[in-house]
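Single-structure report; data block below.
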Amino acid sequence: MSRVWSVDVRVTPREGILDPAGETIRRALGNLGYEGVHSVRAGRLIRLEVEADGPEAARASTEKMCEQLIANPIIEDYVVRVREG
Amino acid sequence: MTAGMKVGIVRFPGSNCDADVYRAVTEGLGESATYLWHKSTDLEGVDVVVLPGGFSYGDYLRAGAIARFSPIMGEVIDFARAGGLTLGICNGFQVLCEAHLLPGALVRNRHLRFRCHDVGLRVENAATPFTTAYSEGDLLHIPIAHGEGQFVAEAATLDELEAEDRVIFRYVDRRGEATDAANPNGSARNIAGIMNHEGNILGLMPHPERHSLAVLGNTDGLAVFQSLLASVLRARGCRSDPPRAEAPEFAVGAVAGASS
């Protein structure tokens, strides 16, 4: 049965790609006295409501959207999570 | 006024350097130019396509990511893949990378600040359809205006760009050296502009059109457009031969030499 699935896409800078925003957050945390923060990577969360026949179909369709538009695989990694319920 | 070249300038919602390119072509060169609306699917027989600077679609998601799927871009991609001369400036460079017509990507400036000032550029390859009116090693003063101009690519891609002389412009200091201090955004290897393997697509972050008329105080950028005109005329003399990065048979106009 087709229904609407809530899908989260988490996009983060790829490993090895410099993330100046994350690095600035890390330094600011250090200035506030938070010791021991070794790394901060800043990405974005994109929440979609996707109509599909099941969670796997929702995931497959979202992954296709990621490859084409939502993420740029040259500089970004993404993780798709279909939220149950 | 000659009718040697017709330049098509794509207008996306948020383009803001379209009129600058128009004036560089019409007033700087005396050639013809036309605007191409992003919803159009007709390139109107232009010889050259320019994707101008600006903030297409508000830079939402990633700079150039949404513009890349505009209706006109289907035509632009076909045109470019068939060997048509295609120039992407600033946001246009970002669109070309998002469309995979050029390798790599442009990400947030390393220092996170928007930079709007003149930079020193060195012409690394003067045997391209975009640079024949320069000489290799020429030093130029050209403005930049961007927040996401840091060029990044895999090391293997960077090596390939260098090996094939496809790094066309590099950020340099007054002495022509590619130092860290001369790099305004943290771009890999001080890269300011690159070309595709076939040699008909150029993307660069600096704005040659903003230094293309005497009234603007500097004409260092005009030779990009002069070079395009020379390439179009040369290709017309031999239509079966697609534009290629070869040694120029003739150069047009004065070389923009010493920086002011």
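Values quoted throughout were computed directly from the atomic coordinates according to the rules given, and no laboratory measurement underlies them. The structure presented is a predicted model; accordingly, all values stated were derived computationally and were not measured. When we count neighbours, we look across all protein chains shown, and the Cβ atoms used for this are built from the backbone with ideal geometry, even at glycine.
Database remark: amide H of B:L85 closer than 5 angstrom to the amide H of B:V49 (H placed geometrically; neighbours at sequence offset of 5 or more, or on other chains; Pro and chain starts carry no H).
For the range B:1-61, the set of GluC sites (Glu not before Pro) satisfying both a DSSP loop assignment and a count of at most 15 other C-beta atoms within 10 Å is given as B:E44.
Taken about its Cα centre, the range B:132-220 carries a charge dipole of about 400 debye when Lys and Arg each add +1 at the Cβ and Asp and Glu each add -1 at the Cβ. About its Cα centre, the dipole of the protein assembly as shown is roughly 740 debye, where the only charges are +1 on Lys and Arg Cβ and -1 on Asp and Glu Cβ. Put a plus charge on the Cβ of each Lys and Arg, a minus charge on the Cβ of each Asp and Glu, and nothing anywhere else: the dipole of the range B:6-237 about its Cα centre is then about 460 debye. Computed from backbone phi with θ = phi - 60° and the Karplus coefficients 6.51, -1.76 and 1.60, the 3J(HN,Hα) list for the range B:208-225 is x, 5, 7, 10, 10, 9, 4, 5, 7, x, 6, 10, 4, x, 4, 5, 4, 6 Hz; x is used for glycine and proline.
Taking the fewest neighbouring Cβ atoms within 10 Å as the starting point, the ordered list for B:L51, B:L101, B:L106 is B:L101, B:L106, B:L51. A rounded overall shape is assigned to the range B:6-237, the ratio a/c of its alpha-carbon gyration tensor axes (a ≥ b ≥ c) being less than 1.5.
Compute the angle between helix A:20-31 and the longest alpha-carbon principal axis of chain A, please, reported from 0 to 90 degrees and rounded to the nearest 10. Compared with the principal axis, the helix lies near 50 degrees. Across the options A:V40, B:P52, B:N196, the greatest Cα extent toward the positive end of the charge dipole of the protein assembly as shown (unit charges at beta carbon of Lys, Arg, Asp, Glu) belongs to A:V40. Taking other Cβ atoms within 10 Å as a rough exposure proxy, B:F130, B:F225 sort from fewest to most as B:F225, B:F130. Residues whose amide H lies under 5 Å from that of B:A192, counting only those 5 or more places away or on a different chain, are B:F169, B:R170, B:Y171; hydrogens are built 1.01 Å from N in the peptide plane. Each residue of the range B:12-21 was assigned a 3J(HN,Hα) from its phi angle through the Karplus curve 6.51 cos²θ - 1.76 cosθ + 1.60 (θ = phi - 60°); the sequence is 9, x, x, 5, 9, 10, 4, 5, 5, 5 Hz, with glycine and proline shown as x.
A simple rule links phi to the HN-Hα coupling: the Karplus curve 6.51 cos²θ - 1.76 cosθ + 1.60 with θ = phi - 60°, which for the range A:41-50 gives 10, 9, x, 9, 10, 10, 10, 10, 10, 10 Hz, with x for Gly and Pro. Comparing B:F12, B:L121, A:N31 along the charge dipole axis of the protein assembly as shown, the residue lying farthest to the positive side is A:N31, per the Cβ-charge model. Taking the centroid of alpha carbons for each part, the range B:173-215 and the range A:23-61 are 33 Å apart.
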